[in-house]
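Visitor: My questions all concern the structure below.
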């Protein structure tokens with residue numbers, strides 16, 4: 001009964017490919033997030049959705065496109081992958097301004 | 001100026017000692033403050049949240065907040081080897097859904 005689950009856990013692919021990461025939460029939270037954690041371990045917000053509406057869109061290349069089919073799901077699609085996209089991507093969820101709960105992360109490696 | 005700054009570490013303490021972690025933030029209007037622990041290769045895990053000035057204790061952890069000085073700290077008493085991890089300070093800067101994270105402080109507890 002994982003609270004925030006992401007798939008896949010590992011993603012190894014070649015430069016130029018398109019890939020998706022899926023996230024689901026069963027906590028009943030209204031808000032979901034995507035974070036990127038780079039090799040220096042710095043955790044940075046990318047997007048946030050509240051009740052399926054985009055509320056945070058940081059300076060992220062438009063190759064990254066989030067989609068929220070319902071408030072329990074937030075997926076991330078990445079087009080034309082680049083070497084610099086290699087990182088760990090974390091999904092998180094929260095209710096209002098309460099603490100955020102993180103998924104286990106997706107480790108993306110670009111060859 | 002970075003939005004959230006932490007003492008860079010790494011911090012090495014002997015078992016049983018107190019580990020002291022510091023964090024400053026730039027937005028005086030910040031309202032919510034969190035400490036997350038992240039083991040290597042794992043996701044961030046919430047260990048403390050604090051919303052008002054003063055101290056908040058939970059087991060061996062004490063968070064201290066001073067909004068006038070824009071400063072939040074975490075003390076880990078009776079440090080154990082299992083406390084060895086990276087500790088992330090996170091601040092809700094505008095009362096919206098965005099959390100800004102510090103770069104983290106890596107703590108090593110020597111047995």
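Laboratory data are not the source of any read-out in this text; all were calculated from the coordinates shown. Small disclaimer: the values here were computed from a predicted structure and weren't measured. Reconstructed Cβ throughout: ideal geometry from the backbone, glycine too, with neighbour counts over all protein chains shown.
Visitor: Over region B:56-95, one equal point on each Cα, no solvent: what is log10 I(q)/I(0) by the Debye formula at q = 0.14, 0.31, 0.35 Å⁻¹?
Guide: -0.40, -1.18, -1.25
Visitor: Taking Cα pairs under 8 Å and at least six residues apart, what relative contact order does chain A come out at, in percent?
Guide: Relative contact order comes out at 37 percent.
Visitor: To continue, here is another question. Summarise the partner chain shielding of A:97-104 as one whole number: the mean count of Cβ atoms from other chains within 10 Å of each residue's Cβ.
Guide: Mean partner-chain Cβ count within 10 Å for A:97-104: 6.
Visitor: Over all distinct Cα pairs, what is the inverse of the mean 1/r for chain A, reported as the Kirkwood hydrodynamic radius in Å?
Guide: After inverting the pairwise mean of 1/r, the radius is 13.8 Å.
Visitor: Arrange the peptides A:85-94, A:48-57, B:35-44 so that the one whose residues have, on average, the most other Cβ atoms within 10 Å appears first. Don't skip to the end; give the middle numbers.
Guide: Values: A:85-94: 22.3, A:48-57: 16.2, B:35-44: 18.1.
Descending mean neighbour count gives A:85-94, B:35-44, A:48-57.
Visitor: Then there's this: Just to confirm my numbers, what's the Cα centroid distance between region A:41-111 and region B:52-111 in Å?
Guide: Cα centroid to Cα centroid, the span is 24 Å.
Visitor: Please compute, for peptide A:33-40, the average count of beta-carbon atoms on other protein chains lying within 10 Å of each residue's beta-carbon.
Guide: 2
Visitor: What order, most packed first, do the peptides B:8-15, A:19-26, B:66-73 have when packing is the mean number of other Cβ atoms within 10 Å of each residue?
Guide: A:19-26, B:66-73, B:8-15
Visitor: To the nearest 0.05, what FRET efficiency results for residue B:27 and residue B:108 with a Förster distance of 35 Å applied to their C-beta separation?
Guide: According to the calculation, E is roughly 0.65.
Visitor: Ignore the peptide's own chain and count Cβ atoms of other chains within 10 Å of each Cβ in B:41-47; give me the average, rounded.
Guide: Mean shielding by partner chains, rounded to a whole number: 5.
Visitor: Using only the alpha carbons of chain B, determine the length spanned along each of the three principal axes and report them from longest to shortest in whole angstroms.
Guide: Over chain B, Cα extents along the principal axes are 41, 29, 22 Å.
Visitor: Determine, from the Cβ-Cβ distance of residue B:57 and residue B:7 and an R0 of 30 Å, the FRET efficiency 1/(1 + (r/R0)^6), rounded to the nearest 0.05.
Guide: The pair residue B:57/residue B:7 has a calculated efficiency of 0.90.
Visitor: Kindly rank A:71-84, A:27-40 from highest to lowest mean number of other beta carbons found within 10 Å of each residue.
Guide: With the highest mean Cβ count within 10 Å placed first, the list reads A:27-40, A:71-84.
Visitor: Another question about this same structure. Rounded to the nearest 0.05, what FRET efficiency is calculated for residue B:96 and residue A:26 with R0 set to 41 Å and r the Cβ-Cβ distance?
Guide: Values: r = 24 Å, r/R0 = 0.60.
After rounding, the FRET efficiency stands at 0.95.
Visitor: Dividing the convex hull volume of the Cα atoms of the protein assembly as shown by its residue count, what figure in Å³ per residue is obtained?
Guide: Residue-normalised Cα hull volume stands at 126 Å³.
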